[in-house]
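Remarks on the structure that follows.
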Amino acid sequence: MQKLAIQGGNCLNGEVRISGAKNAALPILCASLLSGDSLQLANVPDLNDVATMRKLLQQMGVAIAVNGDQVALSAAHIDKLEAPYDMVKTMRAAILVLGPLVARFGEARVSLPGGCAIGSRPVNLHIKGLQAMGAEIHIEHGYIHAQTKRLKGAHICFDLVSVTGTENLMMAATLADGVTVLENAAREPEVVDLAHCLIAMGAKIEGAGSDTITITGVEKLHGASHRVMPDRIESGTFLVAAAATGGNITLTDARADILDNVLEKLHEASTTTWVEGGTINLQMSKRPKAVNVRTSPYPAFPTDMQAQFMALNTIAEGSAMVVETIFENRFMHVQELRRLGAQIDVEGNTAVIKGCAQLDGATIMATDLRASACLVIAGLVAQGETVIDRIYHLDRGYEHIEAKLSALGANIRRLK
Ligand code: EPZ
């Protein structure tokens with residue numbers, strides 16, 4: 001198992017290019033199943049989850065050509081309508097093939113994703129929505145088996161906001177007979193990016209980015225080209241790392257308009273930021289102030305940035321509360337931060353962090369993707385060496401992170 005070794009104490013300075021968004025690329029790769037024509041993608045990040053999704057699609061018969069960050073997909077000859085457990089268990093986003101397969105082929109067998117470190121992660125809303133659109137669904141031997149002659153448009157109101165639930169049903173509705181309305185839909189920018197790609201393929205979608213999305217089904221979708229949006233969580237992660245270590249960094253190929261809440265929190269922590277077009281600059285020359293955060297669906301504070309801000313708060317001036325309202329177990333990083341000397345009390349879904357003057361390096365363990373990022377930030381500020389184990393979690397969602405951090409002046413290396 002690979003590890004990262006970090007010598008803490010360096011400020012981050014310089015420029016870093018933000019990669020394509022993992023959580024936009026994953027549903028958009030699945031959108032290729034909706035048409036027999038070629039889907040040409042650009043700015044696809046080089047991540048383990050993206051590689052896993054490509055493998056899953058290829059085993060169904062999708063022809064995929066990769067050339068750097070360009071990916072061409074053709075689902076002209078699909079010969080398998082199944083997402084097997086051994087692939088779904090490593091990447092829950094595999095559930096996103098369900099909607100497209102049922103919509104285009106009238107059938108799918110997709111393994112129920114297991115739970116994961118941050119929560120039980122049920123997919124009942126995905127299933128309920130497809131049933132509302134006329135799919136016959138049986139759950140047997142850990143698989144979702146869905147069948148239909150042709151999906152019908154339906155009026156679906158989500159019990160709670162679900163990002164991939166919205167994406168799955170939006171994709172399914174593009175080929176359904178009639179109009180589908182998704183109420184209480186997720187407003188995440190990644191949902192909007194997927195909608196843009198689907199519209200380029202000929203889908204009729206209105207309201208993406210709002211809480212009500214209307215999709216008018218069409219007979220067929222055609223090929224298209226699409227450039228994946230920048231990753232707002234990677235952007236936020238680098239900005240928090242610069243706020244914690246001090247320094248002056250500039251993100252390029254980024255988008256500030258989808259980071260309002262995160263930038264506001266960084267200002268509260270007393271950083272100075274400056275935005276021009278696709279660049280975001282952050283300067284920090286003093287100890288950060290502690291900031292309270294409470295996670296909620298977009299456009300409120302993103303749960304995927306909660307762990308990173310907790311790392312910032314461990315060395316901030318003052319105390320702060322972090323409230324996690326989306327997932328029931330997304331404080332796995334707390335125990336590891338305590339090993340570095342952080343002072344954190346947890347009560348239910350609320351953590352109170354008392355900032356301390358410094359953390360001391362230690363050997364710690366990554367438990368999930370964003371917790372890993374949190375531990376990297378803590379290692380960058382801790383005194384001495386921090387070794388982070390199980391960094392395969394990190395490689396799922398951050399493209400070449402140690403190369404990008406080293407280029408900014410961090411003392412970080414991967415131990416084989
Ligand atoms: C997406 O997960 C992201 N993953 C997650 O990012 C992100 O944390 C999450 O949205 C919230 O923003 C991708 O986009 C691939 P949800 P998703 O459905 O869609 C409950 C990362 O770090 N729920 O919005 O699986 C669920 O348990 C990952 O990149 C149901 O109860 O999350 C959770 O409490 C981690 N039934 C809440 O809704 C359902 O059918 C929100 O989950 C679906 C969800």
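The values are calculated or read from the model by the stated rules, or taken from the named source; none is laboratory data. Treat the numbers as computed from the prediction; the structure is a model and nothing was measured. All Cβ positions, even for glycine, are placed from backbone atoms using ideal geometry, and neighbour counts span all protein chains on display.
Count of region 297-334 residues, restricted to those that are surrounded by 21 or more Cβ atoms within 10 Å (Cβ to Cβ), over 24 Å from V161 (Cβ atoms) and in contact with a Gly (Cβ under 8 Å, 6 or more places away or on another chain), is 5. Of all residues in region 100-108, none are away from the ligand (no atom under 16 Å from the Cβ) and within 30 Å of L251 (Cβ to Cβ). Within region 34-73, the set of residues being part of a helix (DSSP H, G or I), within 16 Å of the ligand (Cβ to nearest atom) and surrounded by 16 or more Cβ atoms within 10 Å (Cβ to Cβ) comprises N48, D49, V50, T52, M53, R54, L56, L57. Every listed requirement among (1) surrounded by fewer than 20 Cβ atoms within 10 Å (Cβ to Cβ); (2) away from the ligand (no atom under 16 Å from the Cβ); (3) under 21 Å from the mean Cα position of the chain (by Cα) is met by L160 save one, (2). For region 79-196, the strands (runs of 3 or more DSSP E) that sit wholly inside it and include 1 or more residues that are of a type in the set (A, V, I, L, M) and either at pLDDT below 95 or over 25 Å from P302 (Cβ atoms) (or both) are 107-111, 136-140, 143-147, 179-183.
Taking region 288-328 only, how many residues are in contact (Cβ under 8 Å) with a residue 40 or more places away in the chain and under 14 Å from T271 (Cα atoms)? Residues flagged as in contact (Cβ under 8 Å) with a residue 40 or more places away in the chain and under 14 Å from T271 (Cα atoms) within region 288-328 amount to 6.
Here I64 fits the description: free of Cβ contacts under 8 Å to residues at least 24 places away in the same chain, on the phi < 0 side of the Ramachandran plot, touching a helix residue (DSSP H, G or I) at 6+ places or on another chain (Cβ under 7 Å) and among the β-branched types (V, I, T).
Please go through region 312-326 and give me each residue that is assigned to a strand (DSSP E or B) and hydrophobic (A, V, I, L, M, F, W, C), ordered by number. Passing the criteria: A320, M321, V322, V323.
Within region 121-134, residues that are of a type in the set (G, A, S) sit with their Cβ atoms under 7 Å from residues that are near the ligand (Cβ under 6 Å from one of its atoms), at 6+ positions apart or across chains, in these pairs: G129/G165.
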